[in-house]
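Novice: First the structure, then my questions, so here it is.
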Amino acid sequence: MLPPVTQGANVDWLFARQRFGIHPGLTRVRALLARLGDPQQYFQTVLIGGTNGKGSTAASLDAMLRAGGRRTALFTSPHLTRLSERFVVDGQELSEAVVLEALERVRLPAEETEASFFEVITALGCLLFAEAGAEWAVMEVGMGGRLDATNALDPVLSILTNVALDHTAILGDKPEQIAREKAGILRPGRPAVTALAPELLGILDSEGADLWALGRDWQVRVRPLGWSGHDLTVTCPLGTLALQTPLLGEHGAHNAAVAAVAAWRLGLSEQTIREGAAQTRWPGRLEVMNWSGRRVLLDGAHNPAGAQALAKALRPLLALEGRERLPLIFGAAEDKDLSGVVAALAPLASEVILTRAELSPRAALPEHLASLFRQAGVERITVTAGPAEALAALPSSEPLALACGSLYLLGELRPLLLGEASESRERWQ
């Protein structure tokens, strides 16, 4: 059992920077990286952007690279339970001691450059990965792309999973605006892979990358395997590849396919891609956990597109169980399109247990969520004060339940299910 990264004044300082908000731009992070000796130059980078699916795509590609014998680094955000989850080398989360020692060295130059929380995290990851001898770094973009801190790196290949409405106050409230921001991680003449909708491809093409797009340059056929995942057949200019992924949901299968095309373009063999795909694991995203004699399915569906994908994935899985509905634990951030999320999830809920992430000031009040679910036609609603109370409210007679919404909520639920400790720090990012 891994302990949470909770000790030290430097971690207090880092988490306090969350309150300063999000400040898009590359000037500060570039200055910080320069003060650290430009550690990002010691490994090759793949950037992965998109509204949803970045993490599972990154995890899939990382597993494929490792299967091919590469020493990899994986950078994802946000973390669920421990800060160190964001920094994985060769498939292993870096230790608390290693992360804290590097953070101590990053703090002064970060203060000098007035770097934001995510800029510090990005630079810290680069330093950790370089010092760990990583050959490749698979970097998940935080938000947007063009002005995201990860875009200070120089990717040899870029991936854009999809575009949906999220973070609209910063990125814009139209798909075209969001796509334009995300397209900023593409590089002229360099390979890129995307599963964006066809009507948005012109925006990506204008960046001049060597772009392969789903439906235009490559295709995927998906055969569901129930709770075991999916069989995939991917066809692209390099040939046809059959593989299997344990990721659930058609969207999970498509994310694995995007990673497979990217891995093929990076020169990995077909057998290596198959091996990596089969070994992929991604906590908190359609993750099945055993708890108190039942299964609890965790998923971080926090915007309407994610909730719709979750609902689409759940229907055939519930049919295998001979049912149409299941108990739902739900909590989300107040600044999301909650009506859209509730509309997608309510038809699947036999009852709803509402709660909030206790460490997230952004969390919506359960009472507010209750009114939305009532409007959506849900009759059996329980309001709870926190994750532990929500778990206790699950009916013992139900063998399967769903907990979803905010990743911060899952970050508090998951250690309760595992019997692990968790961070006790306020979460904003």
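Novice: Are there any pairs, at least 6 apart or on different chains, whose C-beta atoms fall under 6 Å, with the first in segment 41-58 and closer than 13 Å to PRO155 by Cβ and in contact (Cβ under 8 Å) with a residue 12 or more places away in the chain and the second open to solvent by 30 Å² or more (accessible area, probe 1.4 Å) and among the aliphatic types (A, V, I, L, M), and if so, which?
Specialist: Hits for this filter: GLN44/VAL156.
Novice: Out of all the residues in segment 179-189, is one or more under 30 Å from LEU297 (Cα atoms) and part of a loop (DSSP other than H, G, I, E, B)?
Specialist: No: zero hits.
Novice: Just to check your reading of the model, which residue among VAL296, VAL261 is in a helix (DSSP H, G or I) and either closer than 24 Å to GLY386 by Cα or in contact with a Phe, Trp or Tyr (Cβ under 7 Å, 6 or more places away or on another chain) (or both)? Steps first, answer last, please.
Specialist: Values: VAL296 fails: in a helix (DSSP H, G or I).
Among VAL296, VAL261, only VAL261 is in a helix (DSSP H, G or I) and either closer than 24 Å to GLY386 by Cα or in contact with a Phe, Trp or Tyr (Cβ under 7 Å, 6 or more places away or on another chain) (or both).
Novice: So for segment 64-71 (the condition being within 23 Å of GLY411 (Cα to Cα), within 19 Å of the chain's Cα centre (by Cα) and modelled with pLDDT of 95 or more), does at least one residue qualify?
Specialist: no
Novice: Take the residues of segment 199-239 that are exposed (fewer than 15 other Cβ atoms within 10 Å of the Cβ) and more than 26 Å from VAL156 (Cβ to Cβ): which is modelled with the lowest pLDDT?
Specialist: Restricting to residues being exposed (fewer than 15 other Cβ atoms within 10 Å of the Cβ) and more than 26 Å from VAL156 (Cβ to Cβ), the top hit is GLU199.
Novice: Moving on. So which residues in segment 29-54 are open to solvent by 10 Å² or more (accessible area, probe 1.4 Å) and either closer than 30 Å to SER424 by Cα or in contact with a Gly (Cβ under 7 Å, 6 or more places away or on another chain) (or both), if there are any at all?
Specialist: Matches in segment 29-54: LEU36, THR51, ASN52, GLY53, LYS54.
Novice: Let me ask you something else. Considering only residues that are in a helix (DSSP H, G or I) and either β-branched (Val, Ile, Thr) or farther than 16 Å from LEU108 by Cα (or both), which ones fall in segment 22-44?
Specialist: Across segment 22-44, the qualifying residues are THR27, VAL29, PRO39, GLN40, GLN41, TYR42.
Matching residues to (1) in contact (Cβ under 8 Å) with a residue 60 or more places away in the chain; (2) open to solvent by 50 Å² or more (accessible area, probe 1.4 Å); (3) not hydroxyl-bearing (Ser, Thr, Tyr):
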position: GLN244; (1), (2), (3): no, yes, yes
position: HIS254; (1), (2), (3): yes, yes, yes
position: TRP264; (1), (2), (3): no, no, yes
position: GLU275; (1), (2), (3): yes, yes, yes
position: LEU297; (1), (2), (3): yes, no, yes
position: ALA305; (1), (2), (3): yes, no, yes
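Novice: Here's a follow-up. In segment 8-25, which residues are surrounded by fewer than 17 Cβ atoms within 10 Å (Cβ to Cβ) and under 22 Å from GLY145 (Cβ atoms)?
Specialist: PHE20, GLY21, HIS23, GLY25
Novice: Among the listed residues THR161, THR194, which satisfies the condition of being touching a His at 6+ places or on another chain (Cβ under 9 Å), within 12 Å of GLY50 (Cβ to Cβ), at pLDDT 95 or above and hydroxyl-bearing (Ser, Thr, Tyr)? Step through it out loud before you land on a result.
Specialist: Values: THR194 fails: touching a His at 6+ places or on another chain (Cβ under 9 Å).
Unique residue meeting the criteria: THR161.
Novice: Quick one: is LEU2 among the aliphatic types (A, V, I, L, M), over 21 Å from the mean Cα position of the chain (by Cα) and either at pLDDT below 90 or open to solvent by less than 70 Å² (accessible area, probe 1.4 Å) (or both)?
Specialist: Against the criterion (among the aliphatic types (A, V, I, L, M), over 21 Å from the mean Cα position of the chain (by Cα) and either at pLDDT below 90 or open to solvent by less than 70 Å² (accessible area, probe 1.4 Å) (or both)), LEU2 does not qualify.
Novice: Would you point out which residue out of LEU100, LEU127, LEU94 is free of Cβ contacts under 8 Å to residues at least 60 places away in the same chain and in contact with a helix residue (DSSP H, G or I) (Cβ under 9 Å, 6 or more places away or on another chain)?
Specialist: One residue alone meets the criteria, LEU94.
Novice: Is it fair to say ALA115 is crowded, with 23+ Cβ neighbours inside 10 Å, in a loop (DSSP other than H, G, I, E, B) and not hydroxyl-bearing (Ser, Thr, Tyr)?
Specialist: yes
Novice: Quick one: in segment 373-401, which of the residues that are assigned to a helix (DSSP H, G or I) and open to solvent by 20 Å² or more (accessible area, probe 1.4 Å) is farthest from ALA421 (Cα to Cα)?
Specialist: Taking the candidates together, the pick is GLN375.
Let's see how each residue does on (1) assigned to a loop (DSSP other than H, G, I, E, B); (2) farther than 25 Å from LEU310 by Cβ:
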residue: LEU47; (1), (2): no, yes
residue: GLY55; (1), (2): no, no
residue: SER60; (1), (2): no, no
residue: HIS79; (1), (2): yes, no
residue: GLU85; (1), (2): no, no
residue: LEU100; (1), (2): no, yes
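The values are calculated or read from the model by the stated rules, or taken from the named source; none is laboratory data. Computed from a predicted model, the values in this text were never measured in an experiment. Neighbour counts run over all protein chains shown; Cβ positions are idealised from the backbone, glycine included. Calculation scope for accessible area: heavy atoms of the full protein, side chains included, ligands and nucleic acids excluded. Shrake-Rupley method; radii C 1.70, N 1.55, O 1.52, S 1.80 Å.
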